[in-house]
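To start, the structure itself, in structure tokens.
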């Protein structure tokens, strides 16, 4: 399957990765190569096969829905590129 | 005692307990070897102060008679593990400056057992790569060379720094992680041992996530006994990882008898590849003979969906990565791009991720985004998950027929040169052709060095075991190791 430049641009947008216009043709070509490789999967008869959810059949443990941790705002914010007054700071989101 | 850094974990443990050496001496010897080995690019964040502090505590514990196996043993830690207060970047620029406020479960367990951290080890960015060339720190270099040829070779990837450090005797052992072969391939390229346990054996908590249904941590060591010792300390149930198995962890070392009489070893015919070097073919048949001589029954088997493992992996792993790496948004940690006048939050995300992620990571995040996008989810992602079910069933079928372990080559070649022009990313993906099935099926797999190629580079064989039977797998690996008698070391040029 061949990926066109518009599709490459759309995927980059969905992934929130800026790709300059002049880099899109090469990116589209790489996607096409990788997807071409992946398309071998179409040779496999998967009728009636369940898609794998968990590699080892295990029942996830349950726990009480209680507060077990918290009260460490300073640690949560310690690595933030921009933290102010106890919050993560970001550019204006709502006009 | 000379050459302390050349000791194996088991030897150092015994020497420490006898009082022949202290952890401080061992640690100092490793730190000094590390400082002389910058040319290998293995250690990317050195932590001598942490190390000497831990060594002193370990010596106190040993003196007090409370010495678990790893007490006082100097280790290297892959940069993928979050280590409290110490840079943990997954070799990515997007995590520049990140110092976790917490410790990963695996490293906590190692430190609780008294292990000493010498520093953080190089790797491919977010563990995506097979040559350690996607790292923001630059390449890790293989201590092995082709005879007198000075061409720099890859130590493999993604745990390339771990492999290089252990092979060069900079540390006694190292942690690795393996999503498609990232422990076993570098171990094979550097003449060391590496085991990926069953999915769920080691907690993934605090290990930077790549593909959560495939990622597992494991040890990279100088021999099988050391792998058994270190794996035991890394394993165990963790309430903080809901996929970690609540199973007892056996004493793996005690299971190393070398007796494999009555075991049945499967040889999968699908692992014979077109264009596979004769030397790999020969290594494999020697391995088969060694196990037969040790008393195992060798049986040809078929794993019919092997061919589809790599394409299934390159749907599932990027899909999970695109989801896991969504968290790198420039808000909570790591890099944030400088914004232009009028830039909003979307521009912040897009510029941050374009600057912070390298090309291979960007590629995989976007491929993952594509295969999960509306209209393609069924055609790609669901189909790949169905193929994954079939790949696992291939293994279940042969285990049901009485196969105890499966012997394959670990890699399709010996270590290759760094900087090789790989125009098609798919070409690099083929490195994982023998290892990736094991991750898709969640099985334990171990790489054991068994020979040298004609240029003097190490080659490894892989053994694949039944789920949760790492002890039995390690014992088969031990028998193979004893028969192969691999003792070669790279000569020191760094």
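The values are calculated or read from the model by the stated rules, or taken from the named source; none is laboratory data. Remember, predicted model here, so these are calculated numbers, not experimental data. So basically every Cβ, Gly included, is an ideal-geometry build from the backbone, and we count neighbours across all protein chains shown.
Condition first: under 19 Å from the mean Cα position of the chain (by Cα), part of a loop (DSSP other than H, G, I, E, B), at pLDDT below 95 and surrounded by fewer than 24 Cβ atoms within 10 Å (Cβ to Cβ). Can you find one or more residues in the range B:459-476 that meet it? Within the range B:459-476, not a single residue is under 19 Å from the mean Cα position of the chain (by Cα), part of a loop (DSSP other than H, G, I, E, B), at pLDDT below 95 and surrounded by fewer than 24 Cβ atoms within 10 Å (Cβ to Cβ).
Out of B:66, B:60, one residue alone is modelled with pLDDT under 95 and surrounded by fewer than 18 Cβ atoms within 10 Å (Cβ to Cβ). It is B:66. Candidates in the range B:302-329 are the residues that are free of Cβ contacts under 8 Å to residues at least 60 places away in the same chain and more than 30 Å from residue B:393 (Cα to Cα); of these, the one that is surrounded by the fewest Cβ atoms within 10 Å (Cβ to Cβ) is B:327.
For residue B:289, indicate whether it is surrounded by fewer than 16 Cβ atoms within 10 Å (Cβ to Cβ) and not in a loop (DSSP other than H, G, I, E, B). Give the derivation first.
On the way: surrounded by fewer than 16 Cβ atoms within 10 Å (Cβ to Cβ): yes; not in a loop (DSSP other than H, G, I, E, B): yes.
Yes: the conditions hold for residue B:289.
Residue B:278 passes every criterion in (1) surrounded by 23 or more Cβ atoms within 10 Å (Cβ to Cβ); (2) more than 22 Å from the chain's Cα centre (by Cα) apart from (1).
Checking the stated criteria, residue B:276 turns out to be in contact (Cβ under 8 Å) with a residue 12 or more places away in the chain and out of contact with any helix residue (DSSP H, G or I) (no Cβ under 8 Å at 6 or more places or on another chain). The helices (runs of 4 or more DSSP H) located wholly in the range B:297-397 include none with 3 or more residues which are at pLDDT below 95 and either under 16 Å from residue A:41 (Cα atoms) or out of contact with any helix residue (DSSP H, G or I) (no Cβ under 7 Å at 6 or more places or on another chain) (or both). A single member of B:239, B:219 is closer than 20 Å to residue B:439 by Cβ and either surrounded by fewer than 24 Cβ atoms within 10 Å (Cβ to Cβ) or away from every other protein chain (no Cβ under 14 Å) (or both), and it is B:219.
Is it the case that the range B:421-443 has a residue that's touching a strand residue (DSSP E or B) at 6+ places or on another chain (Cβ under 7 Å), away from chain A (no Cβ under 13 Å), surrounded by fewer than 18 Cβ atoms within 10 Å (Cβ to Cβ) and touching a residue at least 24 places away in the same chain (Cβ under 8 Å)? No: the range B:421-443 contains no residue that is touching a strand residue (DSSP E or B) at 6+ places or on another chain (Cβ under 7 Å), away from chain A (no Cβ under 13 Å), surrounded by fewer than 18 Cβ atoms within 10 Å (Cβ to Cβ) and touching a residue at least 24 places away in the same chain (Cβ under 8 Å). For the range A:26-49, a tally of residues being farther than 14 Å from residue B:366 by Cα and touching a helix residue (DSSP H, G or I) at 6+ places or on another chain (Cβ under 6 Å) returns 7. Just give me the residues in the range B:26-39 being part of a helix (DSSP H, G or I), within 20 Å of residue B:8 (Cβ to Cβ) and in contact (Cβ under 8 Å) with a residue 12 or more places away in the chain, in sequence order. If the condition is that a residue be part of a helix (DSSP H, G or I), within 20 Å of residue B:8 (Cβ to Cβ) and in contact (Cβ under 8 Å) with a residue 12 or more places away in the chain, then B:26, B:27, B:28, B:29, B:30, B:31, B:33, B:34 are the ones that fit. Of note, residue B:440 does not satisfy the criterion of being within 27 Å of residue B:194 (Cβ to Cβ), modelled with pLDDT under 95, in a helix (DSSP H, G or I) and in contact with a helix residue (DSSP H, G or I) (Cβ under 8 Å, 6 or more places away or on another chain). On inspection, residue B:42 fails the criterion of being farther than 24 Å from residue B:145 by Cα and in contact with a helix residue (DSSP H, G or I) (Cβ under 6 Å, 6 or more places away or on another chain).
Within the bounds of the range A:76-95, is there any residue that is surrounded by fewer than 10 Cβ atoms within 10 Å (Cβ to Cβ), without any contact (Cβ under 8 Å) to a residue 40 or more places away in the chain, within 30 Å of residue B:468 (Cα to Cα) and facing chain B (nearest Cβ under 8 Å)?
No - not one qualifying residue is present in the range A:76-95.
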